[in-house]
Amino acid sequence: MQTPWEYRYANRTSRMGSSVIRELLKLTEQPDLISFGGGLPAPEVFPLEEFKKACIYVLDNFGAQSLQYSTTEGYRPLREMISRHTHRYSVSVTPENILITSGSQQALDFIGRVFINQGDHIVVESPTYLGALQAWNAYGAQYIAVPSDENGMIVDKLEEALRIGPKFIYVLPNFQNPSGTTLSLERRTKLVDLADRYGVPIVEDDPYGQLRFEGEHLPSLVWLDSKRRGDNGSYTGNVIYLSTFSKILAPGVRLAWVIAPEQVIRKLVQSKQAADLHSATFNQMVAFEVGKGGFLDEHVKLIRETYKQRRDLMIEMMAETFPAEVHATKPLGGMFLWGILPEWMDASELIKLAIERKVAYVPGGSFHPNGGGKNTMRINFSYSKPELIREGITRLGTLLKEQVAAHKG
Ligand SMILES: Cc1ncc(COP(=O)(O)O)c(C=O)c1O
């Protein structure tokens, strides 16, 4: 039966859908199913003891203040810690350039609210992060999809997109979700130059940048932009930079940060006031106490080591069990591998058979805003323990081999 609410939905809800991933995750809740579908960090690396101590410390030392309302911008010591950390990578930012949000997902929503009018064009990589598309669909965004390869967005194809007059460019330079690829330094420099030349700003989403397993750290777009401008002090540039505590501490605390010019931060603050007043005071204080004094630097080493082992094992198992017709990327960090199936295979059909065999991944088509990628799959390697990676990849490999053999007849 229809409720009186259903025909009162605002027009903007017509493009709101539940994410394919969330729907899939529901199916994968069976206990004996091995899921490489979600984008979950390994729970084994959550610093439980440090959180326990920090909770007690915060309650003992800050008492009621930790349970009180606080400022929308975020807990100042936490913003100062982020600004010091950002300085280490040479971007000169002050706490006034920083807003704490309830996850980067909230920052993506605010960016939509503040910048996107119905019908605005946004340049995205194809494939790109589904959560951003979900956030911006509600504001009526249209997407100009620039293809990517193993070195990230093909920046040579960007100029054509910029001539259409997009609102901004959305890019994930490090160990991209979903494809695991990293934007090369040459392309980063070119992207920042082109964006500046065409007067189109960039939203840089970087949840995984600190999770590099091998190779040299590459400068962020915000750093390259700030260097071009010779900013010294407050950041005034062309980039809004997002990062999060979800992948370096714990996603359940729902804490992330935005770096942007002060004027933009002020506008985002107005958005946050309307949305939730501020991120949880207690969580911010606890995250600061856990993270301070160099703990985070040490902790990310443990995360990198754990994920590198899991990535290596997954690649080894794929080499052993996958048919030669299926290829996978070798990401230099992060949490995802990208599988490329033969053209004739449809990953969204195959997933049904995979779930019957008690193994899951995310079909890649859903990450392509304007279609394509039906023969691709996102495979998460951070969450499953080694024995489950061995078993799950063997199950998937057996299924893929059967499919290839049946196709060959
Ligand atoms: C690229 C990207 N952006 C944003 C997010 C959202 O992260 P948060 O937990 O900070 O909301 C994720 C989470 O997986 C992500 O992969």
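The values are calculated or read from the model by the stated rules, or taken from the named source; none is laboratory data. Computed from a prediction, not measured in an experiment: that's the story for all the values here. We place every Cβ from the backbone using ideal geometry, glycine too, and count neighbours over all the protein chains shown. In case anyone asks, the SASA skips ligands and DNA or RNA and just uses the protein heavy atoms, side chains included. Shrake-Rupley method; radii C 1.70, N 1.55, O 1.52, S 1.80 Å.
Details
- Rounded percent of accessible protein surface that carbon and sulfur make up, the chain, 1.4 Å probe: 53
- Accessible area in square angstrom per residue, region 106-208, 1.4 angstrom probe: 33
- Placing a label point 7 Å from the Cα of Glu160 along the Cα-to-Cβ direction, the residues of region 348-373 whose backbone N falls under 18 Å of that point are 369-373.
- Per residue, region 217-299 exposes 37 Å² of accessible surface when a 1.4 Å probe is rolled over the protein heavy atoms with every protein chain present.
- Across Met285, Met377, Met345, mean-square fluctuation computed from a Gaussian network of the chain (C-alpha pairs under 10 Å connected) peaks at Met345.
- Partners for Lys267 among aspartates and glutamates (Cα-Cα distance below 15 Å; same-chain residues under 8 apart left out): Glu73, Glu96, Asp109, Asp276
- For the chain, built as a Gaussian network whose Cα springs stay under 10 Å, the top-fluctuating residue of Pro127, Pro77, Pro331: Pro77
- Gaussian network model of the chain, Cα within-10 Å springs - most flexible of Glu80, Glu204, Glu160: Glu160
- Among the listed pairs Lys308/Lys330; Lys358/Lys408; Lys167/Lys374, those whose Cα-Cα separation exceeds 21 Å are Lys358/Lys408; Lys167/Lys374.
- Put Ile98, Ile355 in order of accessible area, highest first, and with a 1.4 Å probe you get Ile355, Ile98.
- Helical contribution to [θ] at 222 nm, DSSP H n ≥ 4, -39,500 (n - 2.57), averaged over the chain, rounded to 500: -13000 deg cm²/dmol
- When the square roots of the Cα gyration tensor eigenvalues are ordered a ≥ b ≥ c, the ratio a/c for region 111-266 is under 1.5, which makes its shape rounded.
- Sequence-distant contacts, meaning Cα pairs under 8 Å at least 6 residues apart, place the relative contact order of the chain at 24 percent.
- Whichever aspartates and glutamates have a C-alpha closer than 13 Å to that of Lys157, once near sequence neighbours (fewer than 8 apart) are set aside: Glu125, Asp149
- Remark: relative contact order (region 1-118) = 13 percent; criterion is Cα-Cα distance under 8 angstrom and separation of 6 or more residues.
- Taking every alpha-carbon pair under 8 Å whose residues sit at least 6 apart, region 194-334 reaches a relative contact order of 28 percent.
- Taking all protein chains as shown and a probe of 1.4 angstrom, Arg8 keeps an accessible surface of around 150 Å².
- DSSP beta bridges confined to the chain are antiparallel in about 55 percent of cases.
- Per-residue extension of 0.36 nm, minus the Cα-Cα distance of Arg266 and Arg88, leaves a gain of 61.6 nm for this segment.
- The angle between the Cα long axis of helix 185-198 and the longest principal axis of the Cα atoms of the chain comes to about 60 degrees, rounded to the nearest 10.
- Rounded D (µm²/s) - the chain, Kirkwood Rh over Cα pairs, Stokes-Einstein at 25 °C, 0.890 mPa s: 110
- Within straight-line cross-link reach of Lys26, aspartates and glutamates at Cα separation under 15 Å, skipping those fewer than 8 residues along the same chain: Glu356
- Extension gain from Leu40 to Ala64, taking 0.36 nm per residue of separation minus the Cα-Cα distance: 5.4 nm
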